[in-house]
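Step one of this worksheet: look at the structure below.
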Amino acid sequence: MTKPLSKKEPEIKPNDNKPEKKGSIFANIIVTSIVCGIFVGANYFLQQNLLKSQLKTVTADGMGLDEEARLNRPEKGIILDLGEFTMNLSDVNPRRFLKISVAIEVTNPHGVDTSAPSGGHGEKTNPLLAEMEQYRPAIRDAIITVMTSKNSQELATVAGKELAKQEITDAVNDVFDGEREVMRVSFGEFIMQ
């Protein structure tokens, strides 16, 4: 019997395309890797240049401050080391105590040099540091008042210490009565027992 001519059976050819498919997949991987590498390199280059130009702009701008604000901002304050304090905290049961050393930095609106010698035999006394020394007892009292009102739980956290620094700043500013302003309060030593 003969088969009708209208139906054509597909001819089976040997699979000669396998090496071509492997080669084309390999070529696609290489091309994709190169294109991705170019994009990553271009992105890195653009980001670095953009960040550098923005950093230069911010630095040239004085960190975004206008000229008048930069001129009115005190460059360097007067640092007054108030020494060590040992005091009871407001904890009742068990009683707790605190040992801290405190320094404050106050404004120096006239830009007076505070590096001059401050006392000794035959040396000139710096009038600015001498002025700050007259406030020392009142400042120490303000610090003791603020810190003895705290309990150990309040001072155990960073937020509690920052709140105490702010309260000390406010109390010492009241002592200065507008003549100076506290820029920063620093704890050099902070031990609770």
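Summary of computed values
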| quantity | calculated |
| --- | --- |
| For M87, solvent-accessible area (1.4 Å; no DNA, RNA or ligand), Å² | 20 |
| Net lengthening on full extension, K76/N28 (0.36 nm per residue, minus Cα-Cα) | 11.0 nm |
| Amide H within-cut-off set for M183, under 5 Å, with H built and near neighbours excluded | E105, V106, T107 |
| Pairwise label distance in nanometres, Q166 with S53, each label 7 Å out on the Cα-Cβ vector | 4.0 |
| Cut-off 13 Å between beta-carbons: net charge of the residues surrounding A164, Lys and Arg +1, Asp and Glu -1 | -1 |
| Amide hydrogen neighbours beyond the local backbone of L82, cut-off 5 Å, H modeled | V102, A103, I104 |
| For the range 86-92, 3J(HN,Hα) per residue [Karplus equation, 6.51 cos²θ - 1.76 cosθ + 1.60, θ = phi - 60°, Hz, x = Gly/Pro] | 10, 8, 7, 8, 7, 4, 9 |
| Karplus 3J(HN,Hα) series, Hz, for the range 150-164 with 6.51 cos²θ - 1.76 cosθ + 1.60 (x for Gly, Pro) | 9, 10, 5, 5, 5, 8, 6, 9, 5, 4, x, 5, 5, 5, 4 |
| Amide H contacts under 5 Å for N151, placed H, 5+ residues apart | S90 |
| Distance (nanometres) between label positions extended 7 Å along Cα→Cβ at A159 and L46 | 4.2 |
| Local electrostatic count at M87 - Lys and Arg +1, Asp and Glu -1, tallied over other residues with Cβ under 11 Å | +3 |
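The values are calculated or read from the model by the stated rules, or taken from the named source; none is laboratory data. Note that the coordinates shown come from a computational prediction; the quantities given were computed from them, not determined experimentally. Cβ coordinates were reconstructed from backbone atoms using ideal geometry, including for glycine residues, and neighbour counts include every protein chain displayed. Accessible surface is based on the protein model in full, side chains and every heavy atom, while ligands, DNA and RNA are left aside. Shrake-Rupley method; radii C 1.70, N 1.55, O 1.52, S 1.80 Å.
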